Protein chains: 2
Amino acid sequence: VKVSDLGELGLIERITAGLGPAVAGSGDDAAVVQSPGDSLLFTTDVMVESVDFDRAYSSGADVGWKAIAINASDIAAMGGAPSHAVVGLSLPSDTRVDFVDDMVAGMSAAARRWSLTVAGGDISRAGEMAVAVAMIGVPVAERPVYRSGARPGDAIGVTGSLGGAAGGLAVLRQGLDVTEPGLEELARRHLRPVARVAEAALLAGVPVSAMIDVSDGLAIDLWHLMDASKTGCEVDPLSIPVDPALAATAGTLGLDPLRTAMLGGEDFELLFTLDPGQVGAVRALLADVGTDVTVIGAVTSTERLIGDVALEELKEAGWDHLRTR
Amino acid sequence: VKVSDLGELGLIERITAGLGPAVAGSGDDAAVVQSPGDSLLFTTDVMVESVDFDRAYSSGADVGWKAIAINASDIAAMGGAPSHAVVGLSLPSDTRVDFVDDMVAGMSAAARRWSLTVAGGDISRAGEMAVAVAMIGVPVAERPVYRSGARPGDAIGVTGSLGGAAGGLAVLRQGLDVTEPGLEELARRHLRPVARVAEAALLAGVPVSAMIDVSDGLAIDLWHLMDASKTGCEVDPLSIPVDPALAATAGTLGLDPLRTAMLGGEDFELLFTLDPGQVGAVRALLADVGTDVTVIGAVTSTERLIGDVALEELKEAGWDHLRTR
């Protein structure tokens, strides 16, 4: 069954049912929701087929999950907790209804995972599939955490590990057997990213001085953080926490693990700066939610360097949403 | 110059500058905005090229204006005032930067018109152009106005006139000379729709019992209102306020003016129900902002009829976002 057989109203009813209890204004012109606070975080992220996902290896549930997760990660990166989302679906007429059902199930699961509500949406016919999610949330501490607060002398920390999502993309593109140990974990990092919402709440409470999520790759996102803060940095490349599954399988994948950890995007780890005296406390806090913190360098007032390579140079090799590579 | 020449960061800087004074969190992972109230209205509307607009006759400024206007209209239809928007742009790599500049100028103009702030956004490369806007707002009266509040005995009112936008689309598709009087007004109704934000605030204050904006056409949107309210209706087709420019040029365009007023979408007028005793007061209120109100019928507890035709039958001839016609 295709979405064009069901028609817009039929599909909306089906999606609304799939999302669970309806909010006020569901099926109306706008959803009516309780404001989560006096100060709001408001963001949007669009996923376009064949640029951001590929139905050859992404299920509907993967696409739906990821569309919610990447927006939740943006809210988390501001030291926020997500509360509500709206979803704009662009669907080719011949899209199978079961793909959409799956997508809704993936969105639902991600919404439950991060305690947010999908409050409404819009459907348009389109030549290519796209999912545009917009999300609101609320800063969990007194203030949001901006990219611009890093000060020379701060330590630079990162949660979890890097390069796994890019490794997973390589696994999927190369059509490797994703049931193999290691490869399965990598594929999952690409398909089912995890927004660091709990970690962000803890980091915002410290507070850390600046934060960003690693969506475009460490080199680019570190550059954003330093550029917004008007600071330099010195990062020790050997301290970068390369995803262990990537390190173990990089040979098979034909990838340089460190380079992949520096340039690969979509790990959705949190990259932050903080008073070096607070590193121990932060490690302990995040250990409580099972997440490692690695200090990869320090904020300076001069150049931006990873080892002896200029960050600018690495950044140029990274992901640009408007250029084909 | 194409957007791929400028790159993502270059384009974001350019767009941010074009939108005027930046909000907190501009260039960050999420915008930080003051919540407009305890109860929020949250909506999204996606415009996809060649389904919802055509660059053959829509300028960038038209597309940008309309993307904001249609979302503002959704907020208005709930009896709300829009406050903030985020914009997800899907752009083919070869999109000309001056088209994007124009689009931003159109968004800016619409944002000023309805006193809202474009707070942030996202850009993705895509095969086809699309603009996904999400908007928050606040109910201006004590409660939002839902579609579900119509009661048998209520009068059915509509602001302004209907069919003009569909007439304008015909003008543009037929490549007629849009400098001709009448045709120019029609084209403008398609290209530069006006969200009835001021009118909505007045109607919400009465309050009217139910409201919707006429985006999919009178037949479909009236059906939505009656379906949500679980009521019937009797509409007098001769009372439907056909756009005067459409009435004057329908022969040239090969359109039946009444049928176009009933089935044509995107007029973004407000369709509402109210106690018949309040019609006079509402007419006077809206006259103050220069907007006509027409009573087109009454809410009943039985069938849904326009003249002696079932609304259901007319609705099937209207616009469905997932079917090609």
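A few points about this structure:
- By DSSP, the beta bridges lying fully in chain A are antiparallel in about 75 percent of cases.
- For A:Ala210, the residues 5 or more places off, or on other chains, whose built amide H falls under 5 Å of its own are A:Thr273.
- Spacing of the modelled spin labels on B:Glu312 and B:Ser50, each 7 Å from Cα toward Cβ, amounts to 3.7 nm.
- Cubic angstrom per residue, convex hull over Cα atoms of the protein assembly as shown: 142
- GNM top mover of B:Gly163, B:Gly88, B:Gly280 - chain B, alpha-carbon springs below 10 Å: B:Gly280
- Near B:Asp267, once Lys and Arg are set to +1 and Asp and Glu to -1 for all other residues with Cβ below 9 Å from its Cβ, the sum equals -3.
- Relative to the Cα centre, the charge distribution of segment B:1-114, modelled as +1 at Lys and Arg Cβ and -1 at Asp and Glu Cβ, gives a dipole magnitude of about 300 debye.
- Across segment A:117-130, computed HN-Hα scalar couplings (Karplus, 6.51 cos²θ - 1.76 cosθ + 1.60, θ = phi - 60°) run 10, 7, 8, x, x, 8, 10, 10, 5, 7, x, 10, 6, 8 Hz from first to last residue, x flagging Gly and Pro.
- Protein-only accessible surface order, largest first, of B:Arg196, A:Arg173 at 1.4 Å: A:Arg173, B:Arg196
- Per residue Cα convex hull volume in Å³ - calculated over segment B:229-317: 120
- Translational diffusion of segment B:150-201, µm² s⁻¹ [Kirkwood Rh, Cα pairs; Stokes-Einstein; 4 °C; 1.567 mPa s]: 102
- Over chain B - Rg/Rh using Cα atoms and the Kirkwood inverse-distance radius: 0.98
- Taking the square roots of five times each eigenvalue of the Cα gyration tensor of segment A:111-248, the equivalent ellipsoid has semi-axes of 28, 24, 15 Å, listed largest first.
- Cα convex hull of segment A:1-71, projected area averaged across orientations, nm²: 6.6
- Rounded to 5, the percent of DSSP beta bridges in the protein assembly as shown classed as antiparallel: 75
- Most mobile listed residue (B:Pro241, B:Pro21, B:Pro92) in chain B, GNM with C-alpha springs under 10 Å: B:Pro21
- Residues whose amide H falls under 5 Å from that of A:Phe53, counting only those 5 or more places apart or on a different chain, are A:Val48, with hydrogens built in the peptide plane.
- Pairwise centroid distance, computed over Cα atoms, of segment B:1-52 with segment B:99-114, Å: 11
- Highest-MSF residue in chain B out of B:Ser148, B:Ser39, B:Ser209 [GNM, Cα springs under 10 Å]: B:Ser39
- Beta bridges per DSSP with both ends in segment A:73-187, % antiparallel, nearest 5: 55
- B/A buried area, accessible surface, summed, 1.4 Å probe, Å²: 5700
- Between segment A:62-81 and segment B:59-92, the Cα center-to-center distance that results, in Å: 23
- Taking 7 Å steps out from each Cα toward its Cβ at A:Leu176 and B:Gln34 produces label points 5.3 nm apart.
- Exceeding the 24 Å Cα-Cα cut-off - candidates B:Lys66/B:Lys230; B:Lys230/B:Lys315; A:Lys315/B:Lys66: B:Lys66/B:Lys230; A:Lys315/B:Lys66
- Charge context of A:Val145, other residues only, Cβ under 13 angstrom, K/R +1, D/E -1: -4
- Taking amide hydrogens as placed 1.01 Å from N in the peptide plane, the amide H of A:Glu266 sits under 5 Å from those of A:Ser215, A:Asp216, A:Gly217, each at least 5 positions away in sequence or on another chain.
The values are calculated or read from the model by the stated rules, or taken from the named source; none is laboratory data. In this text the structure is predicted, and so the values were computed from the model without any measurement. Using ideal geometry, Cβ is built from the backbone for each residue, glycine included, and neighbour counts are taken over all protein chains shown. Just the protein is used for accessible areas: all its heavy atoms, side chains included, with ligands, DNA and RNA removed. Shrake-Rupley method; radii C 1.70, N 1.55, O 1.52, S 1.80 Å.
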